Amino acid sequence: MVAASPGADAGTQPVGIAARPPQVGATPTQIVEGFLGAMSSYERGFGLAEQFLTPAARDGWNRTAIEVYNRTVTEPSPPSIVRLLYDRAAQIDETGRYTRVPDSEPQQYPLRLEQDEAGEWRIATPPPFLLISSFDLSRTYGPFDTYFADPDGRVLVPDQVWLPTVEPQLALLLTQAVVDGPTGLIGPRGVANPFPADTLVSSAEVSGSVVTVVLSGPTIAETDGDARRLMVAQLTATIQASLPGVERVDLTIGGGVVDVPDISGQLDALAGLTTPPAYLLSDTNAVLADPSATSVFTAVPGPLGRGELGARSLAVSLDRTTAATVDETGTEVWRTPLTDDGEPVLVYTGQDVAPPSFDRYGNLWLVDRLGDGRTSEVKLVPPDGPVLPVLAPELDGDRVSDLRIAPDGVRVAVVAEGVGAVLRLGHVLRGEAPEVDLTVDIPFDGTVSDVAWAGETDLLVVVRPADGIPRPYTVSVDGSGATQGSQTGITSVAAYEDRPAFAVTDVRNVLRQASVLRWDQVSTGAEAVTYPG
């Protein structure tokens, strides 16, 4: 049997499998086909799917993960084996983390069936995951943002998980996702979850604009006020992001109401920052900005605005007080206050420095490509203090063309030229020896050359596909929802949450994004364009 879904032959219409209970006298193959249909029709507990299993298999069936397929084929091997072959398109692990699998990897799983006392076939060895078609996944599941505090409790870091969109008790699923902790993108070391491991979620009830969350467990009752403030902040930010009508989250622990203020707004990564301009590095070395958001660029204050410092790349701090430039030779990095009397300070000398990036604490992140062209060293330059080496073991042997720190200061996106150029994501581990832990690779049908953070869980990337013509793509942090733009010839991009994206082309024109398919030219003769960060 073939289950049609996205990825089927051109001209076919994706159709979901009608979910029906096991029929009397069904053959082993029909039982397996019915089991597939039941898994693709979401219901809490998957009671219908369990009807296709033996009692023993039903009790031990692990369905916390999901395998997403484009098409399936069943091959019976009488009398009691049905081999299931499927093209795997994606995986969703037990934490809800989505991973796209390129080129539809072929998989197979043998299902052994047994006859019950009435002679009806049932599956004795179900796969240790759910099997759902791409079409049915898009119909019943979707990405949701969850939030976790950074290790110092100063900012909320977004994480993305996939949950059933058709589940009426969505607040309960979101609460459970927060209590369970983050996915591998930011956890377990990139953030600190204040919920103890033995926390139980009793309920999450929506009443008007209020969600009441009831938690229990032997350890959570002993948590202090600081931990509980972070609990409320994480739950509030998570639930409000997906249930816009919710104004307040009330937390109850061990039968008592938690009386702490909601500080989620204070922990927003961009809290206190005004809407920023885009900054342009012209071919005359002048740094310009569009403070009125009209794409009319004017010189910034000080020597950078006067073009007194030759540069090939530019970064601006999130608070817009300081800029960093890499000189035209790629060897010197200068930090310059954006004031009339700002004086450039040489902060690093290297061999071939990639475009820099500021984090929320004013630290400057650099990548120095060494002489062999295959080795990159990551450096952290604090506002005051010596340059620190950054551990980045996953980048050993790679040439890094871009490294971008997210506004939350925890997540990092890297374009690394290992086999081709790939987009890698992970998180920062701070300490005496800072470290970058890259945990996710996002595949593209082409070579990635640039990346920018476009939103909390969205990236803007430049990809050069097989035809050799670079194009912009927007993509979620888990690799889902990739959208190709129509503009060609783009070499670098700049993005910021709720602001229009900018780009520089191969002939150094500056484009401003007006829509998914439209980019308008707003300037010429640019070396680089960037937003703060």
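Since every read-out is calculated from the coordinates, none of them should be taken as a lab result. Every value quoted in this text rests on a predicted model; they were computed, and no experiment measured them. Quick reminder, even Gly has a Cβ in these numbers, built from the backbone with ideal geometry, and neighbours come from all protein chains shown.
Measuring r between the beta carbons of residue 64 and residue 284 and using R0 = 60 Å, the FRET efficiency lands at 0.55.
Positive end of the dipole of segment 15-159 (Cβ unit charges, origin at the Cα centre): among 127, 142, 72, the Cα lying farthest that way belongs to 72. In plain terms, the residue of 220, 132 with the fewest other Cβ atoms within 10 Å comes first and the most crowded comes last, giving 220, 132. Within the chain, the whole DSSP H helices whose Cα atoms reach 20 Å or more along their own axis and whose mean Kyte-Doolittle score is at least -1.0 are 225-242.
A quarter of the convex hull surface defined by the alpha-carbon atoms of segment 327-460 gives 8.8 nm² as the mean projection. Residue by residue, segment 245-257 carries 3J(HN,Hα) couplings of x, 7, 9, 8, 10, 9, 10, 10, 10, x, x, x, 6 Hz when phi is fed to the Karplus relation 6.51 cos²θ - 1.76 cosθ + 1.60 (θ = phi - 60°); x denotes Gly or Pro.
Under 17 Å from a label point set 7 Å out along the Cα-to-Cβ vector of residue 328, the amide N atoms of segment 348-379 belong to 353. Ranked by the mean number of other Cβ atoms within 10 Å of their residues, highest first, the peptides 281-290, 447-456 fall in the order 447-456, 281-290.
Coordinate range of the alpha-carbon atoms in segment 28-140 per principal axis, descending: 42, 29, 20 Å.
Note on segment 333-409: Rg/Rh from Cα positions, Kirkwood definition for Rh, rounded to two decimals, is 0.99. As an exercise, use a Förster radius of 30 Å and the Cβ-Cβ distance of residue 209 and residue 514 to find the FRET efficiency, rounded to the nearest 0.05. Plugging the Cβ-Cβ distance into 1/(1 + (r/R0)^6) gives 0.25.
One quarter of the surface of the convex hull around the alpha-carbon atoms of segment 415-532 equals 8.2 nm², the direction-averaged projected area. Overall shape: prolate for segment 198-290, with the ratio a/c of the largest to smallest alpha carbon gyration tensor axis at 1.5 or above and a/b above b/c.
Of all DSSP-defined beta bridges confined to the chain, some 90% are antiparallel rather than parallel. Along its three principal directions, the equivalent ellipsoid of segment 150-257 from the Cα gyration tensor extends over semi-axes of 20, 18, 13 Å, largest first.
A protection proxy built from the mean count of other Cβ atoms within 10 Å ranks the segments 36-48, 102-114, most packed first, as 36-48, 102-114. With both labels modelled 7 Å from their Cα along Cα-to-Cβ, the residue 152 to residue 433 distance reads 2.1 nm. Rg and Dmax over the alpha-carbon atoms of the chain stand at 26.0, 90 Å.
Counted residue by residue at 0.36 nm each, then reduced by the alpha carbon distance between them, the extension gain from residue 275 to residue 498 reaches 79.4 nm. When DSSP beta bridges are limited to those with both residues in segment 28-140, what percentage is antiparallel, rounded to the nearest 5? Around 85 percent of the beta bridges assigned by DSSP in segment 28-140 are antiparallel ones.
Rounded to the nearest 20, the size of the Cβ-charge dipole of the chain about its Cα centre is 900 debye, with Lys and Arg at +1 and Asp and Glu at -1.
A simple spin-label model places the labels of residue 319 and residue 467 4.7 nm from each other, with each point 7 Å out along Cα-to-Cβ. Quickly estimate the mean residue ellipticity at 222 nm for the chain, helices only: each DSSP H run with n ≥ 4 gives -39500 (n - 2.57), and the total goes over all residues, rounded to 500. Value at 222 nm, helices only, nearest 500: -3000 deg cm²/dmol. Residue-normalised convex hull volume from the C-alpha trace of segment 279-530: 117 Å³ per residue.
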